[in-house]
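Right, one structure below, let's go through it.
The values are calculated or read from the model by the stated rules, or taken from the named source; none is laboratory data. No experiment lies behind these values; they were computed from the predicted model shown. Here the Cβ positions follow ideal geometry from the backbone for every residue, glycine too, while neighbour counts run over all protein chains shown. For accessibility, only protein heavy atoms count, side chains too; no ligands or nucleic acids. Shrake-Rupley method; radii C 1.70, N 1.55, O 1.52, S 1.80 Å.
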Amino acid sequence: MKLFRIGVGELVSFLYSSGDLSSETFQNVSLLEGTKAHQYLQSKYQSTDQAEIPISYTYLGDDLEITLSGRMDGLLTIDGSRVIEEIKSTRFPIFDDQFMINNEHLAQLKMYAFMYLKNNHLEDILGRVTYIQLSDYKVRHFEYFFDVDLLKDFFEQSILKYTEWLEKLYLHNERKRASLEKLYFPFDKFRRGQREMMAAVYQTMKDDDILYAIAPTGIGKTMASLFATLKSLTEDNQKIFYLSAKTQGKKVALETLDMLHESGLETKTLEITSKDTICFLEKRECDPEKCPFAKGFFDRLQVAMVDIFDHETLMTREVVERYARKHTVCPFEFSLYVSYFVDVIICDYNYVFDPRSHLIRYFDEDNYKPLILVDEAHNMISRSRDMYSSTLIRSDFIKLRRLANKIKPTIRNAVKKVLDQFDLFEEQLTVSPFLSFKTLNESFLDAILNLMKKIENGIKENPKYPKKTEVIEGYLSLLGFARIFEYYNDAYLTNIEKLDDDISVTIQCLDASEFILDTVKNKTYGSVFFSATLYPIDYYKELITSGYGETLKIKSPFDSERLKVVVMNQISTRYQHRTSSIMKVIQTIESVLSSKKGNYIAFFPSYQYMNQIIDNLAEDIDADLIVQEKEMDQNLRNLMVERFKNYNEKSQLAFFVMGGMFAEGIDYVGDMLNGVIVVGVGLPMLNEPNNQLKDYYQDKFSKGFDYAYTYQGMNKVIQAVGRVIRTDSDYGIAILIDDRFNTPLYKKLFPMEWKKYDVIDTPKSLKKSLDLFWSKF
């Protein structure tokens, strides 16, 4: 007997979704908005009515048992009769003559009606689908009479159709389980520290715990984390999320899973790519009248889904795009739907943690058990703050007014009220170009909410408006701002800033750890945060998950004698000493170049300082220069990295900025890189937003400057030095230029493998020391 547990919502979505994909589809109603609308209607129920009623029903077939489960929105008593109510919130104009009940919603009501009738041994019951407009909470009912015998055909036909798909899932899960039992580590031996990490990750997932792992380069952390998590799987509704902020991180994870598939693993893996990146149109237009991939999207979705599931194992961006083109479906929304049926999802942090874009089915419902692997987790502090912050800019409202100037009823007055608020801010900004407040101005928020309602009404009345997509984009930015405001607490400030000819209003989150912890503790079933640079570990634990989590520190697998770390302790790169430091920095660079021909990178804290050094270099410097520029795309970046792979008669010296696109996520293997010169301690720019962080951290942790500046800067330094040794055979140098590196505060932040660093006070002494080091290899 094959046993299945499925949600009613999942079944009806698979079988009965139909129609177009648009910016106004039901998917765009956030959980928060939908819940509020539901609660509003349910608050009006009588004492005899019930809300949110769990329901389940077991269907027995010839060789299978299917347990269906769901939650009825309402069970009412109206004029003495029982009525099952299914509530749906929408931005569509529900009183429009063209508005019709959605097939999927009616199917859901029918399923619940049949289940309720069978469970309670009844012959018939009334039911209704109730639509509630989010703009004004007006409702429209679609009412039905259901007879159990008539519903039986619909129910059984639905089960029969869905069983064909369940059989595919069942066979896949059987093969997956069998392959996991037989799966062996794909290498003859473990790297040093790899087995230790695997054991900790495995136990974390088994215990539904939180782990922070300092996982140095070279231990094979991607393989260790994925292999251990896969081996921990015991339930079909467990789903692995591998999160990476970088394209390179996703690439390594996909390659790792491909290798495991070659070793016999039978899982389905999906890469999710952002909507703007994967969109097929030159300019994204989520309007079915303008996008053929949105028109009839839901009509073709099921066939496309079955096709990719039947034929693919590793669903990379390229694979998703190929099937999306084949079936003429939006590749982004297609990938989100495919994600319901795969075992491993590789994506950016925001699909798990951002309240505006996380995947609701996994993190706001209880159908699945997500297991989270967070790669390069040192990025999570700044990323989490960004995910819970939002900014509005005055010029965007002027643009919105122009785009919507022909919508009737007009939104011009509503836009004017917002712009009037910006005018008041502008008057205040004559005192200072940056103002900060503990709370958001209520008049400003009221003006934003009022404008949102006017746009909703305008779009309802003008469904064919030529610039509807652009207006909706503007609306969605307002919606995002309003959603983030729902989280506003003592860890927030409102910042108003003068930007050349513009003004911005930001609700700035200073500490998102409370929200990240809520996701990790209450919505996932095991989470691992790992990086080579989680120093100091308590700082990361505190600002990501409020101090919760176990700690694992793994020693580097590489021989520490192969990396020579030097602190140049007689040079200060503090801002006030920059001009006087220029020649000393250049002399240090020249000493490095004269010690051995090779490829070197000099990392700087800013473009300004970097350019000061470049401008003062001798014209006959014995190296070809590679210089990072402020605006560089991925292709140019890749071309510059390729230069490190080529043989050159002369040394190559790159000038890069710390923390930028060249500082992490790139493997400079072997002779690609002989050493790095890190100029300065990498402190973030001294500015008002960072000083706000400093003040907040000082009040909360008594470590204001260190939390806001020191630790962030040191992370960039460790990332830069980490480029040098990438394999067992690599060897090279890391020159740290600043006297602060030789202070107790910074020495405590050095990774374990740096403990044998040298302190050198002159470029001349440096040359002798480097000559001795190079002579060993």
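Brief remarks follow.
- Of all residues in the stretch 49-95, those that are touching a helix residue (DSSP H, G or I) at 6+ places or on another chain (Cβ under 6 Å) and open to solvent by 60 Å² or more (accessible area, probe 1.4 Å) total 0.
- Scope the stretch 629-649; condition open to solvent by less than 80 Å² (accessible area, probe 1.4 Å) and either of a type in the set (A, V, I, L, M, F, W, C) or modelled with pLDDT of 90 or more (or both); matching residues: Met632, Leu636, Met640, Val641, Phe644
- Residue-level analysis places Phe529 outside the set of residues that are in a helix (DSSP H, G or I), modelled with pLDDT of 95 or more and not β-branched (Val, Ile, Thr).
- Within the stretch 566-595, residues that are under 23 Å from Val724 (Cα atoms) and open to solvent by 70 Å² or more (accessible area, probe 1.4 Å) reach partners that are in a helix (DSSP H, G or I) and modelled with pLDDT under 95 with beta carbons closer than 6 Å, at six or more positions or on different chains, in the pairs Gln587/Pro763.
- Listed by position, the helices (runs of 4 or more DSSP H) contained in the stretch 376-443 that have at least 1 residues being within 23 Å of Asn687 (Cα to Cα) and open to solvent by 60 Å² or more (accessible area, probe 1.4 Å) are 380-387, 412-428.
- Ile159 being part of a helix (DSSP H, G or I), farther than 30 Å from Glu262 by Cα, open to solvent by less than 80 Å² (accessible area, probe 1.4 Å) and of a type in the set (Val, Ile, Thr): yes
- Pairing residues of the stretch 395-417 that are without any contact (Cβ under 8 Å) to a residue 24 or more places away in the chain with residues that are outside any helix (DSSP H, G or I) and polar (S, T, N, Q), at Cβ distances under 8 Å and at least 6 apart in sequence or on separate chains, gives Arg412/Asn405.
- Within the stretch 207-223, tally of residues that are modelled with pLDDT of 95 or more, within 18 Å of Lys189 (Cβ to Cβ) and either out of contact with any strand residue (DSSP E or B) (no Cβ under 9 Å at 6 or more places or on another chain) or not in a helix (DSSP H, G or I) (or both): 1
Let's see how each residue does on (1) in a helix (DSSP H, G or I); (2) small (Gly, Ala, Ser):
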| position | (1), (2) |
| --- | --- |
| Gly547 | no, yes |
| Thr551 | no, no |
| Pro557 | no, no |
| Gln570 | no, no |
| Lys584 | yes, no |
| Gln587 | yes, no |
| Glu590 | yes, no |
| Leu593 | yes, no |
| Ile614 | yes, no |
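- Positions within the stretch 122-156 being under 26 Å from Gly34 (Cβ atoms), open to solvent by 80 Å² or more (accessible area, probe 1.4 Å) and assigned to a strand (DSSP E or B), in sequence order: Glu143
- Considering Asp620, Asp624, the condition of being open to solvent by 10 Å² or more (accessible area, probe 1.4 Å), assigned to a strand (DSSP E or B) and without any contact (Cβ under 8 Å) to a residue 60 or more places away in the chain is satisfied by Asp624 alone.
- Considering residues of the stretch 576-608 that are touching a Phe, Trp or Tyr at 6+ places or on another chain (Cβ under 9 Å) and aromatic (Phe, Trp, Tyr) only, the residue nearest to Lys767 (Cα to Cα): Phe603
- Here the stretch 470-509 is the region considered, the condition is being among the β-branched types (Val, Ile, Thr) and part of a helix (DSSP H, G or I), and the residue that is farthest from Arg402 (Cα to Cα) is Ile484.
For (1) touching a residue at least 24 places away in the same chain (Cβ under 8 Å); (2) farther than 30 Å from Phe185 by Cα; (3) part of a helix (DSSP H, G or I), each residue gets a yes or a no:
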site: Glu266; (1), (2), (3): yes, no, no
site: Leu270; (1), (2), (3): yes, no, no
site: Asp276; (1), (2), (3): no, yes, yes
site: Phe280; (1), (2), (3): yes, yes, no
site: Lys290; (1), (2), (3): yes, yes, no
site: Ala294; (1), (2), (3): yes, yes, no
site: Asp299; (1), (2), (3): yes, yes, yes
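- Residue pairs whose Cβ atoms lie under 7 Å apart, separated by 6 or more positions or on different chains, with the first residue in the stretch 187-214 and among the hydrophobic types (A, V, I, L, M, F, W, C) and the second outside any helix (DSSP H, G or I) and surrounded by fewer than 19 Cβ atoms within 10 Å (Cβ to Cβ), are Ile210/Tyr548; Ile210/Glu550; Leu211/Glu550; Ile214/Lys553.
- So Phe227, is it open to solvent by 30 Å² or more (accessible area, probe 1.4 Å) and hydrophobic (A, V, I, L, M, F, W, C): no
- The lone exception for Leu745 - which of (1) surrounded by fewer than 20 Cβ atoms within 10 Å (Cβ to Cβ); (2) of a type in the set (A, V, I, L, M); (3) in contact with a strand residue (DSSP E or B) (Cβ under 6 Å, 6 or more places away or on another chain) it fails: (3)
- Some residue of the stretch 304-312 being assigned to a helix (DSSP H, G or I), crowded, with 16+ Cβ neighbours inside 10 Å and touching an Asp or Glu at 6+ places or on another chain (Cβ under 8 Å): no
Yes or no, residue by residue, for (1) within 24 Å of Ile582 (Cβ to Cβ); (2) assigned to a loop (DSSP other than H, G, I, E, B); (3) basic (Lys, Arg):
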residue	(1), (2), (3)
Ile733	yes, no, no
Phe741	yes, no, no
Phe750	no, yes, no
Lys756	no, yes, yes
Val759	yes, no, no
Leu766	yes, no, no
Ser769	yes, no, no
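- Residue in the stretch 601-608 that is touching a strand residue (DSSP E or B) at 6+ places or on another chain (Cβ under 6 Å) and not aromatic (Phe, Trp, Tyr) present: yes
- Taking first residues from the stretch 694-708 that are closer than 14 Å to Ala491 by Cα and partners that are open to solvent by 40 Å² or more (accessible area, probe 1.4 Å), the Cβ contacts under 8 Å between residues at least 6 apart in sequence or on separate chains come to Lys694/Phe705; Tyr697/Lys703; Gln698/Phe705; Phe701/Glu542.
- Test: residue in the stretch 224-231 that is farther than 24 Å from Glu181 by Cβ, out of contact with any Cys (no Cβ under 7 Å at 6 or more places or on another chain), at pLDDT 95 or above and aromatic (Phe, Trp, Tyr): no
- Filtering the stretch 539-546 for residues that are among the small types (Gly, Ala, Ser), under 30 Å from Val717 (Cα atoms) and open to solvent by less than 30 Å² (accessible area, probe 1.4 Å) leaves an empty set.
- Residue check, Ser606 open to solvent by 10 Å² or more (accessible area, probe 1.4 Å) and on the phi > 0 side of the Ramachandran plot: no
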